[in-house]
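The values are calculated or read from the model by the stated rules, or taken from the named source; none is laboratory data. Computed from a prediction, not measured in an experiment: that's the story for all the values here. Note that we place each Cβ from the backbone using ideal geometry, even for glycine, and neighbour counts take in every protein chain shown.
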Amino acid sequence: MIFPDLNSGNIAFKLVQSLAGGNVFGQIITGLTRPAAEISRGASAHDVFGAAAVVGCQAIDHRLLYGDADV
């Protein structure tokens, strides 16, 4: 899901997590020169690991697309 700001993303994040009981991994922030994610204070180790894995995959993809000159 895509949301216009972190506040609405946080609300939807918590709704999906509590109502669906699914695995949710942070808010992945797009539009920056480097991959980034926002992790809430109440995140578990599993949530942090999942967000780190997504951002890590984005960083690898960025290097393959644009080379090491931008990093």
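How many of the residues making up segment 9-39 are surrounded by 13 or more Cβ atoms within 10 Å (Cβ to Cβ) and either of a type outside the set (K, R) or not in a helix (DSSP H, G or I) (or both)?
17
Tell me which residues, restricted to segment 40-51, are surrounded by fewer than 16 Cβ atoms within 10 Å (Cβ to Cβ) and of a type in the set (G, A, S). Steps first, answer last, please.
To start, the set of residues in segment 40-51 that are surrounded by fewer than 16 Cβ atoms within 10 Å (Cβ to Cβ) comprises 40-42, 44-46, 48-49.
Answer for segment 40-51, where residues must be surrounded by fewer than 16 Cβ atoms within 10 Å (Cβ to Cβ) and of a type in the set (G, A, S): S40, G42, S44, A45.
Name the one entry in A51, A43, A59 that is in contact with a helix residue (DSSP H, G or I) (Cβ under 9 Å, 6 or more places away or on another chain) and in contact (Cβ under 8 Å) with a residue 12 or more places away in the chain.
Numbers: A51 fails: in contact with a helix residue (DSSP H, G or I) (Cβ under 9 Å, 6 or more places away or on another chain); A59 fails: in contact with a helix residue (DSSP H, G or I) (Cβ under 9 Å, 6 or more places away or on another chain).
On inspection, the qualifying residue turns out to be A43.
F3 - would you say it is modelled with pLDDT under 80, within 14 Å of the chain's Cα centre (by Cα) and not basic (K, R)?
In short, no.
Restricting to segment 19-43, what's the tally of residues that are at pLDDT 85 or above and small (G, A, S)?
2
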